[in-house]
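The structure under discussion appears below in the form of structure tokens.
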Amino acid sequence: MQANLFEPIHLAEVAIVAIAFFASRFACGKILKGVLKAFGDKPIVQKFSARFLHSIFSTAMAIMLMWTAVLILEPFVGRTYILSIATSLFTAWLVIRLAVSLIANRELARLVAGIAWTLAALNIVGLLDPIMIVLESAKLPLGDATVSVLDIFQGIVTFSVLLWGALALSALLEKQIVHFSTLPPSARVLMTKSGKILLVSIAFLTALNATGIDLTALAVFGGALGVGIGFGLQKVVGNFISGIILLMDRSIKPGDVIETQGTYGTINRLAARYTSVITRDGTEYLIPNEDMITQSVVNWSHSHRLVRRRIPVQVSYDSDLRQAMDLMNEAASEESRVLSSPAPRTLLREFGSDGVDLELRMWIEDPQNGVSNIASDVMLRIWDKFHENGIEFPFPQRVVHLRHEKPPTDAARATSVVESVTYNETSEAENVALESKGAKEKDEINTKD
């Protein structure tokens, strides 16, 4: 510090660095306001935020100012120390900032930029090699082999870079496979997911190899991991395997209209663990892949998208049945979603207790647009046409028979009168006996007194 910083010329260099930094930020702030005011509506300007542009421009201007100061001072004081280091640090930061701008995740971009600039700064000031020697000398035992702390750091960095590259490459592969219209949707999803798993596995194994770990030592670890997966992650692995089975047998695929467990909607995507189904009201259900195999699933568009709808209608016995059937066919034909071939057809199903049961059968080819709403529209048309042509809808009819009991005969009346008189006579005799007994007991009590 005494030799490299507190010398007067070095303090002057520190002052020049500070002046260049703050002057560049102030000047770029003013310039950027004018640029945004003049070209703020341009797409290329809107693509980058004002904060990003200000950071890039101010850093570039600070580098220019410091290089100018170096060119001015070197003929008088010789080689500059602080200005050269600061110029290299600012240049490294500018290059790293431009490189990490390709990363969409802002937090990840900041992390990568911080790590990269730290390594660059240590290398510029000459501290990277001593630190690497210290990390290399710190050994960790791993079975028969030893791994240094530097190897672990190298493996983490290698895995992070390769993982980012694998995900980016898999996203590019997915975009290319989407344009293969000759492949079925399930095959496209299977190819993209298989490619992603393969690339991530390669990145992981390459990172392990970079740390110096013998891959053959993973055999025992893989067996233990398999046992753990079998017990602890049974459902997760079951859903994953079920997802692969669904993609291979193509029983369901993105875009199919299905109905399962009371959920009716369109398959949005097939993920590794679940199937995304969006209903007609916009609700998205995440159904486990295992349920899609073990539970009953109605696929309205598995082999084809033709769906037949049945609409039961009942008319009164006084109606003209042939006219009612023609009106029902006409109501279905007027709807644009109803196919003309096969044409709508009405059948006479049954002579019911309340009226005659008819059934309209019609075909549609767009079940993803709803199967209940088309039935509702056709029924409204039938309602209007029946009222216009005098076709009656029957009300529930019931026949009630009232049963009256026969009046009692003279003999039955005489029997009931005799029974009543006998009962009355018996009751009066019992009352007299009770009264006599009470009087006798009262006389006995008085005699004793």
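Let's see how each residue does on (1) at pLDDT below 80; (2) polar (S, T, N, Q); (3) touching a Lys or Arg at 6+ places or on another chain (Cβ under 6 Å):
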{"site": "Val95", "(1), (2), (3)": "no, no, no"}
{"site": "Asn105", "(1), (2), (3)": "yes, yes, no"}
{"site": "Ala116", "(1), (2), (3)": "no, no, no"}
{"site": "Leu122", "(1), (2), (3)": "no, no, no"}
{"site": "Pro130", "(1), (2), (3)": "no, no, no"}
{"site": "Ser137", "(1), (2), (3)": "no, yes, no"}
{"site": "Ala145", "(1), (2), (3)": "yes, no, no"}
Any chance Arg106 is touching a helix residue (DSSP H, G or I) at 6+ places or on another chain (Cβ under 9 Å) and charged (D, E, K, R)
no
Failed condition for Leu339, given (1) more than 14 Å from Ile382 (Cβ to Cβ); (2) open to solvent by 60 Å² or more (accessible area, probe 1.4 Å)
(2)
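Conditions (1) under 12 Å from the mean Cα position of the chain (by Cα); (2) closer than 30 Å to Leu347 by Cα, marked per residue:
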position: Asn268; (1), (2): yes, no
position: Val277; (1), (2): yes, no
position: Glu290; (1), (2): no, no
position: Thr294; (1), (2): no, no
position: Arg309; (1), (2): no, yes
Just give me the residues in the range 342-352 being over 40 Å from the mean Cα position of the chain (by Cα) and open to solvent by 50 Å² or more (accessible area, probe 1.4 Å), in sequence order.
Arg345, Leu348, Arg349, Glu350, Phe351
Failed item in (1) outside any loop (DSSP other than H, G, I, E, B); (2) loosely packed, with under 14 Cβ neighbours inside 10 Å; (3) hydroxyl-bearing (Ser, Thr, Tyr), with Thr266 passing the rest:
(2)
On the basis of being modelled with pLDDT of 70 or more and among the polar types (S, T, N, Q), does Thr192 make the cut?
yes
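Table: residues versus (1) closer than 16 Å to Ile267 by Cβ; (2) in contact with a helix residue (DSSP H, G or I) (Cβ under 8 Å, 6 or more places away or on another chain).
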{"site": "Met292", "(1), (2)": "yes, yes"}
{"site": "Ile311", "(1), (2)": "no, yes"}
{"site": "Ser316", "(1), (2)": "no, no"}
{"site": "Met328", "(1), (2)": "no, yes"}
{"site": "Arg345", "(1), (2)": "no, yes"}
{"site": "Arg349", "(1), (2)": "no, no"}
{"site": "Gln368", "(1), (2)": "yes, no"}
Tyr317 versus (1) farther than 23 Å from Arg188 by Cβ; (2) crowded, with 16+ Cβ neighbours inside 10 Å; (3) not polar (S, T, N, Q): which is the lone unmet condition?
(2)
Out of all the residues in the range 91-98, is one or more among the β-branched types (Val, Ile, Thr) and either in a loop (DSSP other than H, G, I, E, B) or open to solvent by less than 50 Å² (accessible area, probe 1.4 Å) (or both)?
yes
With respect to Ser186, determine if the residue is in a helix (DSSP H, G or I), modelled with pLDDT of 80 or more, within 30 Å of Ser303 (Cβ to Cβ) and of a type in the set (Ser, Thr, Tyr).
no
Filter the range 353-366 for residues that are open to solvent by 80 Å² or more (accessible area, probe 1.4 Å) and more than 23 Å from Ser336 (Cα to Cα) and give the result.
Ser353
What's the total number of residues in the range 367-406 that are open to solvent by less than 100 Å² (accessible area, probe 1.4 Å) and over 51 Å from the mean Cα position of the chain (by Cα)?
1
Conditions (1) without any contact (Cβ under 8 Å) to a residue 24 or more places away in the chain; (2) at negative phi; (3) out of contact with any Gly (no Cβ under 8 Å at 6 or more places or on another chain); number of the one not met by Gln295:
(1)
Select, from Ile44, Ile56, the only residue that is farther than 12 Å from Ile16 by Cα, modelled with pLDDT under 75 and assigned to a helix (DSSP H, G or I).
Ile44
Among Leu169, Leu119, which is surrounded by 12 or more Cβ atoms within 10 Å (Cβ to Cβ), free of Cβ contacts under 8 Å to residues at least 40 places away in the same chain and more than 30 Å from Val70 (Cβ to Cβ)?
Leu169
Pick out, from the range 277-354, the strands (runs of 3 or more DSSP E) lying fully within it that include 3 or more residues that are under 30 Å from Phe395 (Cβ atoms) and of a type outside the set (Ser, Thr, Tyr).
307-315, 345-351
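The values are calculated or read from the model by the stated rules, or taken from the named source; none is laboratory data. Keep in mind that what you see is a predicted model, and the values were worked out from it rather than measured. Please note: Cβ atoms are built from the backbone with ideal geometry, for glycine as well, and neighbour counts cover all protein chains shown. Ligands, DNA and RNA are stripped out before the accessible areas are found, and what is left, the full protein with its side chains, is counted by its heavy atoms. Shrake-Rupley method; radii C 1.70, N 1.55, O 1.52, S 1.80 Å.
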